[in-house]
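Some notes on the structure that comes next.
The values are calculated or read from the model by the stated rules, or taken from the named source; none is laboratory data. As the structure is a prediction and not an experimental result, all values here were calculated from the model. Cβ atoms come from the backbone with ideal geometry, glycine included; neighbour counts cover every protein chain shown. All accessible areas refer to the heavy atoms of the entire protein, side chains included, with ligands and DNA or RNA removed. Shrake-Rupley method; radii C 1.70, N 1.55, O 1.52, S 1.80 Å.
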Amino acid sequence: MNINDIPKQYDPKDAQDRWYKVWLERGYFHADPASDRPPYCIVIPPPNVTGALHLGHALNNTLQDVLVRWRRMQGYDCLWMPGTDHAGIATQAVVERRLLEERKLTRHDVGREALVEMIWAWKDEYEQRILGQLRLMGCSCDWERTRFTLDEVCSRAVRRTFFNLFKAGKIFRGKRLVNWDVQLRTAVADDEIYYEDKPGKLWTIKYPVAGSASGEALHVATTRPETMLGDTAVAVHPEDPRYKHLIGQELELPLTGRRIPIVGDAILVDPKFGTGCVKVTPAHDPNDYQTGRRHGLPMINLLNPDGTYNENAGPKYAGLDRVVVRKRVVADLEAAGLLVKDEPYNVRLNFSDRSKTPIEPYLSDQWFVRMADDPDGSPGFAQQAIDAVTSAQVRITPERYAKSYIDWLAEKRDWCISRQLWWGHRIPIWHCSTCSADDLELAFGGRPDVAWAEAESGGWLICAEHDLNADALGAGHELTQDPDVLDTWFSSALWPHSTLGWPEQTPELGKFYPTSVLSTARDIITLWVARMVIFGQFNMRQVPFRDVYIHPVIQDGHGKRMSKSAGNGVDPVDIIEAYGADALRYTLAAGATETQDLRMPVEKLKLPDGREINTSDRFEQGRNFGNKIWNVARLVMMNLEGYEPAPVDVAALPVEDRWILAELDATVAATTADLDSFRFAEAAKRLREFSWGEFCDWYVEFVKGRLRDPETRPVAQRTAAAVLDSLCRLLHPFMPFLTEQIWAPLGELAPSRGVPLPSPAEPNACIAAWPAPKGLEDAEARATVDQWKEKIQAIRNLRAERNVPKDAKIAPRIIAEGITADRLRLGEEFIKALTGAGTVAVGADGEPRPADSAVVVLADAEVVLPLEGLIDKEAERAKLRKGLADLDKQINPLRGKLSNDGFTSRAPADVVAASRAKLAELEAQRASVAALLESS
């Protein structure tokens, strides 16, 4: 090729448009179960079908792609399974909100069938958006196998799992207290709510003791006076001398005409807190629910699903919203003389993560997966999932997250799997209250896909893998399907094996299960990771993956979680447009340390089209790194004209070649180990240090002269081409577009390359073999070049500190003896060229130092830079004195501010810390300038 055709600048968009299409056309991302290559499989955490890519997605998918591309280069048959989640609550909420805004209708106005049809249309419209954004990032998913949690394959797995769980007695239906979202009218999981402290009130209410001649009463404080209409007891501590004599007596429940008992309960009541009396409302508080069960108390549900009060609240309050009921109850208590006092009080409220409305504890019929141990003492689901981690069948990285996984499972709480929604997997249960066991046996006795059990509340529950007709039991008996749908996490928990075709024994399932790695965020360890382990072991008798990697959470520079609503969110698509996909990927991978959070300062950037976006200077650094690699790669390739492959005798190579090959060998070994242990940030940093530091800043400078000399050019070309080749391979998982853009012209100029023996290069970096160490360690070469680099840097620093003009030819002396001097003499020409020196002298301390010189003492040498005739000493001293004065102008006000207790005690801690750090930096600068002034 014509070397002048290599573009001067790297164009990310051109590379992205060009190479992704090539990778797809050549089928590089498509796994083949029939191949004899070892399997490597990752299932993508399926994003919500209506979602858009956010920076957390970008981070996680970058890390997964790094792993997949790396393993593909290592020769594995890689399957990265893509797909989306139907996201029941989230998706239905979006469409319902749109329906209300655009047509002023609710889901109940349009009906179940019409709403589900609308949601499918919404899914079809928006699903491709987020999948397209993953492609834009360069994700190497096997797109031909894209799955959706409501598609036919996944639905079959859901039905089979539910059926098997039902037959095994692991699923049951019962009336339990759940978190209720009154806006969406559905139960939500504990893990799907968040807490906020809000200003509220604490009301103290008088509960008269029934039949007390003296007018004795208990004073009960509550933040929710409206729920007293459902009280079924008041609890006191059994050893509290104030109330011990009342245990077993009854109270008149205000406003209701009911009597309720006084019970002694040492678990619920702390006699030192408040009045020592606690109202017990079992149907509307989790702690009261447990108390009610301990004492066999009635459970009175006051709520309708929409948040209004029902007939159990009495005719005066029935039909009113709970907020209105509160006001009326307080007013009625006051009118009856039963309101003792009210006072301001901060209340911790639970909110639904989806609707952002307050959660109500609500007693309702729900479906559950049983998590506790079996009656015979054998381990239940929770314990089995714990054992999978404690026995190292599943390894969690970082290890600290194994504790939160185990602690949550150890509670062995039953999993509520029903949701009162219309979008999702309909629960495959049919109810019948008129039939008998004989009727069921007669109709379904020969069918392996139907099972039945008596319901807790009476009647029969019939479970079927395939839909049943309403008249399946014959005349006189009607089957009614359960109206609820399954929790989204139920189908997501099957993702590692349902996507591979289970319950069918597909070739994909046989080769790729268990999968290799799951990469996810810490906030769904319990919601998703634990449940995948449970269902994997239940259906497949094997854990679903060997490793779980928990990536950090991205926050802004102030430690706040990024979000669009908070105005601090960064859109990955904007970053790709501004800096390119490689800059995004490299920056995120470099930030994936083992710390809990990744802080990224956010700033504004105006794009050429006038739009203003959120960004971070770290992405600019990522782009600059890519540009540096491109520029140096281009420089090398511009010097490959006339390249001819040939074997290379490494032992006979110049020191600088043996040094770069030894550094490359060490980098290959260390980077491979880093990726093997999920140390993404360390791998990214190491590659930057080698490629920018060793290769770009040093080796290319060392080899420039040899590339211009016809006699030395062939060997220099072979070494440079081989190192650039390996560098592309190492960087490819992180920066696939850049490396592919370099690989193409490199392949034309040097189609066969490598040291010590050349071999034909693969057609694309995407399928190039991952480099392996070649045993080219050379301690002497590395020590020699380290000497050159140290002395060159020392001379450059002296030049800069003393403001020696750039075009001045200096004559530094390096005082050294023995092996140090020998090594430095080998690099005299490099030292001279890279410091702008006219001459360089290396030798023992035999001559007096010039009076006017700058000196730096190193561990094994002394560098002397004569300054006579190079600088105007008086002008330099004047400049240094001005520098001191300028620094003092910055230091004095900062010292004053930090000595002010008003500032240090009232300002935010991070502001004070930043001010102290700035002062320390300025004082260090001042000390350096003062030392220079004293020695000048």
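Which whole-angstrom value gives the distance between the alpha carbon centres of region 105-139 and region 497-549?
26
How would you rank 221-227, 422-428, highest first, on the average number of other Cβ atoms within 10 Å across their residues? Show your work: numbers first, answer last.
On the way: 221-227: 20.9, 422-428: 22.9.
The peptides rank, most packed first, as 422-428, 221-227.
Where does helix 909-935 land angle-wise versus the long Cα axis of the chain, in degrees 0 to 90, nearest 10?
Approximately 10 degrees, to the nearest ten.
Please give me the summed charge of the neighbours of residue 15: other residues whose Cβ is under 9 Å from its Cβ, Lys and Arg +1, Asp and Glu -1.
Details: positive: 13, 18; negative: 11, 14, 17, 582, 740.
Here the count lands on -3.
Within region 340-443, list the GluC sites (Glu not before Pro) lying in a DSSP loop whose Cβ has at most 13 other Cβ atoms in a 10 Å radius.
Details: sites: 399, 411, 441; in loops: 399, 411.
Loop-located and lightly packed - 399, 411.
For residue 275, which sequence-distant residues (separation of 5 or more, or a different chain) have an amide H within less than 5 Å of its own amide H, given hydrogens modelled in the peptide plane?
Excluding prolines and chain starts, which carry no amide H, the hits are 221.
Between 0 and 90 degrees, rounded to the nearest ten: what's the tilt of helix 286-295 against the longest Cα principal axis of the chain?
Once rounded, the angle reads 40 degrees.
Taking a probe of 1.4 angstrom, what is the accessible area of residue 14 in Å², to the nearest 10?
70
Share of the chain's accessible area from carbon and sulfur, percent, 1.4 Å? List each step's numbers first, then the result.
Values: 20360 of 40750 Å².
Ligands and nucleic acids excluded, carbon and sulfur reach 50 percent.
Take the alpha carbon gyration tensor of region 349-464, find the square roots of its eigenvalues, order them as a ≥ b ≥ c, and report rounded if a/c is under 1.5; if not, report prolate when a/b exceeds b/c, else oblate.
Values: a/c = 2.55, a/b = 1.47, b/c = 1.73.
Cα axes put region 349-464 in the oblate bin.
Could you sort 656, 923 by their accessible area in this structure, using a 1.4 Å probe and putting the largest first?
On the way: 656 10, 923 70 Å².
So, going from the largest accessible area down, we get 923, 656.
What accessible area per residue, rounded to a whole number of Å², is obtained for region 597-698 using a probe radius of 1.4 Å? It would help to have the intermediate numbers written out before the result.
Details: 4320 Å² over 102 residues.
For region 597-698, the solvent-accessible area averages 42 Å² per residue.
Where does each of 314-321, 499-506 land if you order them by average Cβ count within 10 Å, highest first?
Working: 314-321: 15.0, 499-506: 19.1.
In descending order of packing, they fall as 499-506, 314-321.
Applying a 10 Å radius around every beta-carbon, put 90-101, 237-248, 910-921, 170-181 in order of their mean neighbour count, most first. List each step's numbers first, then the result.
Details: 90-101: 18.2, 237-248: 14.6, 910-921: 12.7, 170-181: 20.2.
Top of the packing list down: 170-181, 90-101, 237-248, 910-921.
What FRET efficiency comes out for residue 437 versus residue 324 if R0 is 56 angstrom and r is the Cβ-Cβ distance? Round to the nearest 0.05. Intermediate results must be reported in sequence, preceding the final value.
Working: r = 48 Å, r/R0 = 0.85.
After rounding to 0.05, the efficiency reads 0.75.
What's the extension gain from residue 649 to residue 481 if we count 0.36 nm per residue and subtract their Cα-Cα distance? Before the final figure, lay out each step's value.
Values: separation 168, 0.36 × 168 = 60.48 nm, distance 7.78 nm.
The span from residue 649 to residue 481 would gain 52.7 nm if fully extended.
Averaged per residue, what accessible area in Å² does region 873-935 show with a 1.4 Å probe, protein chains only? It would help to have the intermediate numbers written out before the result.
Numbers: 4110 Å² over 63 residues.
Dividing the accessible area of region 873-935 by its residue count gives 65 Å².
Which Rg and Dmax, in Å, describe the Cα atoms of region 401-445?
When restricted to Cα atoms, region 401-445 yields Rg and Dmax of 18.6, 52 Å.
³J(HN,Hα) across region 606-622 via Karplus (A = 6.51, B = -1.76, C = 1.60, θ = phi - 60°), whole Hz, x for Gly/Pro?
Values per residue, Gly and Pro as x: 9, 7, x, 7, x, 5, 10, 10, 8, 8, 9, 5, 5, 5, 5, 5, x Hz.
For a label point 7 Å from the Cα of residue 796 along Cα→C-beta, name the residues of region 716-736 whose backbone N is under 11 Å from it.
It comes to no residues whatsoever.
Using alpha carbons only, what's the Rg to Rh ratio of region 617-780 with Rh from Kirkwood? Please list the in-between numbers first.
Details: Rg = 14.9 Å, Rh = 15.9 Å.
The Rg/Rh ratio comes out at 0.94.
Where does the charge balance sit around residue 537 when Lys and Arg score +1, Asp and Glu -1, over other residues with C-beta under 13 Å from its C-beta?
Local net charge: +2.
Region 185-256 to region 386-405: how many Å between their Cα centroids?
Here the two parts' Cα centres lie 42 Å apart.
For region 622-703, what log10 I(q)/I(0) values come out of the Debye formula at q = 0.12, 0.13, 0.15, 0.18 1/Å, with one point per alpha carbon and no solvent?
One equal scatterer on each Cα of region 622-703 leads to -0.43, -0.51, -0.66, -0.91.
When a/c is below 1.5 the answer is rounded, else prolate if a/b is larger than b/c, else oblate, so apply that to region 503-576 with a ≥ b ≥ c taken from the square roots of the Cα gyration tensor eigenvalues. Working shown, then result.
Numbers: a/c = 3.36, a/b = 2.35, b/c = 1.43.
Taking the square roots of the gyration eigenvalues as a ≥ b ≥ c, region 503-576 is prolate.
Determine, from the Cβ-Cβ distance of residue 413 and residue 456 and an R0 of 30 Å, the FRET efficiency 1/(1 + (r/R0)^6), rounded to the nearest 0.05.
0.95
Roughly how many whole Å is it from the C-alpha centroid of region 343-374 to that of region 714-755?
If we compute the Cα centre of each part, the gap is 58 Å.
If you keep only loop residues by DSSP, which trypsin sites (Lys or Arg not before Pro) in region 776-861 have at most 15 other Cβ atoms within 10 Å of their Cβ?
On the way: sites: 782, 789, 791, 796, 799, 802, 806, 809, 813, 823, 825, 832; in loops: 802, 806, 809.
Sparse-neighbourhood loop trypsin sites (Lys or Arg not before Pro): 806, 809.
How high is the relative contact order of region 186-362, in percent, with contacts defined as C-alpha pairs under 8 Å that are six or more residues apart? Intermediate values should be presented prior to the final figure.
Numbers: 352 pairs, mean separation 53.1, N = 177.
Relative contact order, region 186-362: 30 percent.
How long are the semi-axes of the equivalent ellipsoid of region 429-481, taking √(5λ) for every eigenvalue λ of the Cα gyration tensor, in whole Å from largest down?
On the way: eigenvalues 41, 30, 25 Å².
So the equivalent ellipsoid measures 14, 12, 11 Å along its semi-axes.
Could you give the length gained on full extension between residue 128 and residue 195, defined as 0.36 nm per residue of separation minus the Cα-Cα distance, in nm?
Numbers: separation 67, 0.36 × 67 = 24.12 nm, distance 3.39 nm.
Contour length minus Cα-Cα distance gives 20.7 nm.
So what J values fall out for region 172-178 if you push phi through Karplus, 6.51 cos²θ - 1.76 cosθ + 1.60 with θ = phi - 60°, rounded to Hz, Gly and Pro as x?
Taking θ as phi minus 60°, the curve returns 9, 10, x, 8, 9, 7, 10 Hz for region 172-178.
Against the longest alpha carbon principal axis of the chain, how many degrees, from 0 to 90 and to the nearest 10, is the axis of helix 400-410 turned?
The answer is roughly 10 degrees.
Can you work out the accessible area per residue across region 77-143, with the rest of the protein chains kept in place, probe 1.4 Å, in square angstrom? Intermediate values should be presented prior to the final figure.
Numbers: 2740 Å² over 67 residues.
Heavy-atom SASA per residue in region 77-143 reads 41 Å².
Given axes a ≥ b ≥ c from the Cα gyration tensor, I'd like to know whether region 150-275 is rounded (a/c under 1.5), prolate (a/b larger than b/c) or oblate.
Numbers: a/c = 2.94, a/b = 2.28, b/c = 1.29.
Because a/c hits 1.5 or more and a/b exceeds b/c, region 150-275 counts as prolate.
Volume per residue, Å³, of the convex hull around the alpha-carbon atoms of region 1-142?
Numbers: hull volume 23.6 nm³, N = 142.
For region 1-142, the hull spanned by Cα atoms encloses 167 Å³ per residue.
Which value does Rg/Rh take for the chain over its C-alpha atoms, Rh per Kirkwood?
On the way: Rg = 36.2 Å, Rh = 33.6 Å.
The Rg/Rh ratio comes out at 1.08.
Whole-Hz Karplus ³J(HN,Hα) for region 765-782, in order, using 6.51 cos²θ - 1.76 cosθ + 1.60 and θ = phi - 60°, x for Gly and Pro?
4, 4, 10, 5, 5, 5, x, 10, x, 10, x, 9, 4, 9, 4, 5, 4, 5
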